[in-house]
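This report concerns only the one structure given below.
The values are calculated or read from the model by the stated rules, or taken from the named source; none is laboratory data. Being a predicted model, the structure only gives us computed values, none of them experimental. Cβ sites come from the backbone with ideal geometry, for glycine too, and all protein chains shown count toward neighbours. We work out accessible area using only protein heavy atoms, side chains counted, and drop any ligands, DNA or RNA first. Shrake-Rupley method; radii C 1.70, N 1.55, O 1.52, S 1.80 Å.
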Amino acid sequence: MKLLQEIRLKRCLIGFDKTLILVFIFFLISCKSIIIPVFSTQQPPLTPNYDNLTTWAILPNTYPENLKQWQTNTDTLKVDVFYIYPTLNIEDKDLRWNVPVTDATQNEKVINKAVYFQASAFLNSGKLYVPYYRQAHLRSYKLYNTGGKEALNLAYSDVKKSFKTYLEKYNHGRPIIIASHSQGTTHAIKLLKEFFDGKPLQDQLVAAYIPGIGVKKNEFKHIDYMISPTQTGGFVSWNTFKKNYYPKAYEEWFTETVVSNPINWNEKSESQLSDHKGFLFTNSKLYTQAVQVFVKEGILWISLPHFPYRLFVLGKKEYHQGDINLFWEDIRENASLRVDSYFKTHSMLTEKKN
């Protein structure tokens, strides 16, 4: 009997040792660092041709059905909205520096996430144009000096090319709203400098909504930071965090950057809960009077959102992904207000010239 117990014990120990070995091997494999290929050794995706309709996520006559539900103004749109979406390729295991515009997985994210929850806020202000572009992977910011710069430059080359095609084929002298977020704002800043800042096209700029990246007040030579809800021809920007929280990269990314109040659109340092017009949540419902904002140096603080799912965000400190949809209705109304203001101002200027 004693011998049988010893045999069983040895078998258990042997099995236990094998289990430990397997766990250890799995641990080593899972902890193995991912080797990112050098940018120059990776074949870039094919350059998109923006004369082809398939290289555009959204054109005015190609709105998907889920987007149309937010459109109430279809007959009197006299403005165009050129929207540049944020970084959507954030997977660590994806070793690509840039995403081809034919990537079905990423393109689905563009339409059903970025466009639906961000660009939709501008639907009733203008006709929407959204080009696919070879977006840079999220790591491009962290590894900016070791491939990231080249990846972002490649992405911008597409944005620039698509905008030139838009001007040549679609614009016909119409006023323009530039809208963007995160990586999209990185490209929007360069686009504004190259095509609008002190150029004839600046006269067609209604406004630039460019949150998600720190923007200096003097970023542009001739495009002003807007501090009133009816001001046109300038830009607004903000980066959203939980009240009393300073991000780790605060000194590097946000000191001396502008912070717009995306509820009151003026120089007030905070808003009241009752001022908030509504944010578009992932369940496609709008929640009003849900957020209070506090303008700090370089960043925007918000109160804990008031909505049925607030328990799920109790520990949330960074609201980067919600920079636009947290203030969806506020942006929607303000964009329409600025469009009206733009045409009033320009009609007065035209009358004075005549």
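Assorted remarks:
- Cα convex hull, segment 153-201: 72 Å³ per residue, rounded to a whole number.
- Accessible area per residue in Å² at 1.4 Å probe, computed on the chain: 53 Å²
- Shape box of segment 82-207 [Cα atoms, principal axes, largest first, Å]: 44, 30, 21
- Under-5 Å amide H pairs with Y225, H placed in peptide plane, nonlocal only: F235
- Taking 0.36 nm per residue of separation and subtracting the Cα-Cα distance, full extension of the segment from R310 to I35 would add 95.1 nm.
- Extension gain, H346-S274: 0.36 nm per intervening residue step, less the Cα-Cα distance, totals 22.6 nm.
- Mean residue ellipticity at 222 nm, helices only, the chain: -9500 deg cm²/dmol; runs of at least 4 DSSP H residues each add -39,500 (n - 2.57), and the sum is divided by the number of residues.
- Distance (nanometres) between label positions extended 7 Å along Cα→Cβ at H172 and T230: 3.0 nm
- Taking the accessible area of segment 195-278, probe 1.4 Å, and keeping the other protein chains in place, the carbon and sulfur fraction comes to 46%.
- The orientation-averaged projection of the convex hull spanning the C-alpha atoms of segment 261-354 amounts to 7.6 square nanometres.
- Evaluated with a Cβ-only charge set (Lys, Arg +1; Asp, Glu -1), segment 268-354 carries a dipole of roughly 80 debye about its Cα centre, given to the nearest 20.
- Partners of K242 within straight-line reach, counting aspartates and glutamates whose Cα lies under 15 Å from its Cα and excluding those fewer than 8 residues away in the same chain: E270, E297, E318, D323.
- Across segment 247-293, the volume of the C-alpha convex hull divided among the residues equals 104 Å³ per residue.
- Entries in K68/K248; K142/K190; K93/K149; K160/K221; K142/K316; K193/K296 that, when Cα-Cα distance is taken, lie over 29 Å: K68/K248
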